[in-house]
């Protein structure tokens, strides 16, 4: 009979957490559910792990995330006493900030191209979300030179920006599932060597790293749109590291703003206000007024979530005032990730009002946001703003108006491959089910169209 060795590492961490075995089992099930996996883990399973049984499949990874969230620091399988040389698959790749972000990105890209599931199904890490808050200082300068000996100038920077812009437009028109592998390949094969090249001037080096950061940010956004929140977070962290290294004022703060938005969306508010406030402070007075408005409106949303309505509304008003202050200012390349700044400010202001349960004002702002973006270029985000606006109309009892708005959203979803749009349509069908059951014609017609849309996805 085989004698197991008790897992003292795991025993100690569970004791430190203060959880009962039943509490831990519940937390593991919750993390697994976020990754689309249903587990039946119970306290007996935890007892077995403590005695030395290795969790099956991906359960160990979910266990590491659950304990990381509880203890407020990043834990790996190795920390839990669950990894050896053959089983440690690099679950912590991308969840730390090192001297060279490319060193973290290269294996991530290889795993993506090899379609290694563990990376794309990774969970969002609360501990990793705190990293930028404690990593404000400059990352060490690189010393590696490109093997080709090529000297990089403005033309190369312009080429990378043009390619990233083209990928971004493709993403907005057709969804995050279009062109993703091509973007990974481009960043891996072309952009990474350029980042390690020799530059004509320090300014050119800064702009190349900033352009690379924008490309990695887009890859994070594509992962987010595919529902792969853990992978998106890893890309955002490395995009942040590249932005810090670039030294371009405000760019690092913009990534912190994105990370705050992700945390808000996932209902993980632990570090959102800190990220938004720190990002704003990194940009305030160093960027144009329109770009600063993008920072302020996300900060407003975090204030609303923190139960500070007066401060939230004041910050939202300041964001709108900044939009009107200098409409002709040039907005940096990296700040145009979601199109015209005004549209982003209106959409996020709507979320502030929605958080404060001011549904009429929220609906108005969502409609304003949808009307402020070129619909052909930004089909997905226009559709999602319309969906959100319809939800606000429904909350006000305006079923006919809400159905009309949902129909407009579906008009924009044709040809878009996006997990978020699919979820939005599925949620919409649940929202109108009671009206369809009552025989409301508008709800019945909308549901039939929505069912056809989901069948054709």
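Give me the distance in nm between label points sitting 7 Å out from Cα along the Cα-to-Cβ direction at residue 357 and residue 445, one decimal.
Going from the residue 357 label point to the residue 445 one covers 3.4 nm.
Which whole-number percentage describes the relative contact order of the stretch 209-253, with Cα contacts under 8 Å and a sequence gap of 6 or more?
45
For the stretch 46-73 and the stretch 1-41, what is the separation of their Cα centres, given in Å?
First find each Cα centre; the distance between them is then 4 Å.
Going by C-beta contacts inside 10 Å, put 151, 432, 50, 255 in order with the fewest on the left.
151, 50, 432, 255
Going by the alpha-carbon gyration tensor, a ≥ b ≥ c the square roots of its eigenvalues, is the stretch 242-346 rounded (a/c under 1.5) or, if a/c is not under 1.5, prolate (a/b greater than b/c) versus oblate?
oblate
Based on a Kirkwood Rh over C-alpha pairs, give the Stokes-Einstein translational diffusion coefficient of the stretch 8-71 at 25 °C and viscosity 0.890 mPa s in µm²/s.
Once the numbers are plugged in, D ends up at 214 µm²/s.
If contacts are Cα pairs under 8 angstrom and at least 6 residues apart, what is the relative contact order of the chain in percent?
Computed value for the chain: 11 percent relative contact order.
Classify the chain as rounded, prolate or oblate from the Cα gyration tensor: take a ≥ b ≥ c as the square roots of its eigenvalues, call it rounded if a/c is under 1.5, otherwise prolate when a/b beats b/c and oblate if not.
The shape class here is oblate.
Among 29, 257, 198, which comes first, then next, by fewest other beta-carbon atoms within 10 Å?
Neighbour counts put them in this order, fewest first: 198, 29, 257.
Starting with the fewest neighbours, write out 445, 315 ranked by other beta-carbon atoms found within 10 Å of each beta-carbon.
Ranking 445, 315 by Cβ neighbours within 10 Å, fewest first, gives 445, 315.
Shape of the stretch 348-452 from its Cα gyration tensor (a ≥ b ≥ c, root eigenvalues): rounded if a/c is under 1.5, otherwise prolate when a/b > b/c, or oblate?
Judged from the Cα gyration tensor, the stretch 348-452 comes out oblate (a/c at least 1.5, b/c at or above a/b).
So, in Å, what gap is there between the alpha-carbon centers of the stretch 393-453 and the stretch 177-243?
So the separation of the two Cα centres works out to 35 Å.
Any read-out appearing in this document is the output of simple, stated calculations on the displayed coordinates, not a laboratory observation. Because the structure is a prediction, the values reported are computed rather than measured. Because the Cβ atoms are built from the backbone with ideal geometry, glycine has one as well, and the counts that use them run over all protein chains shown.
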